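Everything on this sheet refers to the single structure shown next.
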Amino acid sequence: MEIDIIFDTVCPWCYIGKKRLEEALASRPGIEVRSNWKPFLLNPEMPAQGIDRTAYLIKKFGSEARIKHIYGAIGEAGQSVEIDFAFERIGKTPNSVDSHRLVRFADGQGLSDQAVETLFVEFFLNGRDIGDIGVLVEIGGALGLDEGNLGAYLKSDEEVRLIHDQNAEAHRLGINGVPAFAFNDKFVISGAQEPQVLARMLDAALATENVA
């Protein structure tokens, strides 16, 4: 089964959605899955160097009280899937294009799932700047990727346009928020759905495979 996961590396709900999908898949051990990570840019106009996180959040949500309320709810949802978000460690909201390129580079080695998980951990738990090429090369090296080749790739503009094109394609398909999941290109659902809901989507997609 093919599952397209449309996500952004700076989206906490995408990390929660990833964990919930893993729970759904664990409840359906007989299904063989290929995960395809597709980029979505929550901040397509973000400067390359990113911006101060507090300034970004106040501009987006309007007040510190609202920020506290929203991120408190995200933190509680994270706890339900054993994610200990450490938002206070994040000093900057990064441009996420290069982190998506790292995922694509890792996919060439069959390591896209591991790359996504590590990016989420480094950003949301350790507060690292995943918009920084040096940080991304370190992450790639820890995954076993060739740091020299990865660094050269990230310093070039290779596949930058592709990331923006795939983001535009997601919008054309009517996806305006992430995470979103597409099962065998037939069943699409948006949001960090509960594992039981995702399991039903797996069942529906599997049923159409069996009919075919």
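Just the residues that are outside any helix (DSSP H, G or I) and on the phi < 0 side of the Ramachandran plot, please, taken from the stretch 152-176. Across the stretch 152-176, the qualifying residues are Ser156, Asp157, Glu158, Leu173, Ile175, Asn176. Evaluation of Asp185 against the conditions (1) closer than 25 Å to Gly75 by Cβ; (2) open to solvent by 60 Å² or more (accessible area, probe 1.4 Å); (3) modelled with pLDDT under 95 shows that the sole unmet condition is (1). In this structure, Ala192 qualifies as of a type in the set (A, V, I, L, M, F, W, C) and either touching a helix residue (DSSP H, G or I) at 6+ places or on another chain (Cβ under 6 Å) or open to solvent by 40 Å² or more (accessible area, probe 1.4 Å) (or both).
In the stretch 161-182, of all residues being in contact with a helix residue (DSSP H, G or I) (Cβ under 6 Å, 6 or more places away or on another chain) and either among the β-branched types (Val, Ile, Thr) or more than 26 Å from Gln79 (Cα to Cα) (or both), the one that is least open to solvent (accessible area, probe 1.4 Å) corresponds to Ile163. Residues of the stretch 140-161 that are under 30 Å from Ile189 (Cα atoms) and in contact with a Lys or Arg (Cβ under 8 Å, 6 or more places away or on another chain): Glu159, Val160.
Rundown of residues vs (1) assigned to a loop (DSSP other than H, G, I, E, B); (2) under 10 Å from the mean Cα position of the chain (by Cα); (3) surrounded by 14 or more Cβ atoms within 10 Å (Cβ to Cβ), yes/no style:
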| residue | (1), (2), (3) |
| --- | --- |
| Ile6 | no, yes, yes |
| Thr9 | yes, yes, yes |
| Lys19 | no, no, yes |
| Glu22 | no, no, yes |
| Gly30 | yes, no, no |
| Leu42 | yes, no, yes |
| Gln49 | yes, no, no |
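Being closer than 23 Å to Asp84 by Cβ, modelled with pLDDT of 95 or more and surrounded by fewer than 20 Cβ atoms within 10 Å (Cβ to Cβ): is that true of Glu117 here? So Glu117 passes the test.
Using the structure shown, decide if Ile83 is over 19 Å from Glu2 (Cβ atoms), aliphatic (A, V, I, L, M), modelled with pLDDT of 95 or more and not in a loop (DSSP other than H, G, I, E, B). So Ile83 does not fit the description; no. Looking only at the stretch 106-130, residues that are within 15 Å of Asn36 (Cβ to Cβ) and either part of a helix (DSSP H, G or I) or touching a His at 6+ places or on another chain (Cβ under 9 Å) (or both) come to 7 in all.
The values are calculated or read from the model by the stated rules, or taken from the named source; none is laboratory data. Note that this is a predicted model, so its numbers are computed, not measured. Ideal geometry is used to build each Cβ from the backbone, glycine not excepted, and the neighbour counts take in all protein chains shown. When the accessible area is computed, the model is the full protein with side chains, heavy atoms only, and any ligands, DNA or RNA have been set aside. Shrake-Rupley method; radii C 1.70, N 1.55, O 1.52, S 1.80 Å.
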